[in-house]
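Step one of this worksheet: look at the structure below.
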Amino acid sequence: MNVGQAIRRCRMQRGASQSDIANRAKCSVSYLSMLENNKRDPTLSTITKIAEALRVPAGLLFILAADQDELGAIDVQIADQLMQSALASLESSINLVAQTGGHYG
């Protein structure tokens, strides 16, 4: 499982800096950086805070972080569709904010 990569992917798609997300999640920028670089393993409560700061469901981070072998009996094709759906959901929410004139932050 690569939670750090999932956090970074969501953060970058949101156009948010590490500082923005760290402040919202009430953690340090250095800790968030260590998470994104897989130098620390976050607790579930930390993942939840970061997901809230990113404005994504925590489950989305887990889907994006999952390796194929961690998905167990799920067919590779279904796993790929699940990943694509998760990314499309994230992209859709970003587009909605842009269309309504909002911004992240």
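Laboratory data are not the source of any read-out in this text; all were calculated from the coordinates shown. Predicted, not measured: the structure shown is a model, and the values here were computed from it. So basically every Cβ, Gly included, is an ideal-geometry build from the backbone, and we count neighbours across all protein chains shown.
Neighbour counts of other C-beta atoms within 10 Å: give me Cys10, Cys27 arranged from fewest to most.
Details: Cys10 24, Cys27 18.
Final ranking by Cβ density, sparse to dense: Cys27, Cys10.
Which FRET efficiency value, to the nearest 0.05, is calculated for Ser85 and Thr48 with the Förster distance at 22 angstrom and r the Cβ-Cβ distance? Don't skip to the answer; put the middle values down first.
Numbers: r = 21 Å, r/R0 = 0.98.
Step by step, r from the Cβ atoms, then E = 0.55.
Work through the residues other than Leu90 whose Cβ is under 15 Å from its Cβ and net out their charges, Lys, Arg +1 and Asp, Glu -1. Mind dumping the intermediate values first?
Numbers: positive: Arg8, Arg9, Arg11, Arg14, Arg55; negative: Glu52, Glu91.
The answer is +3.
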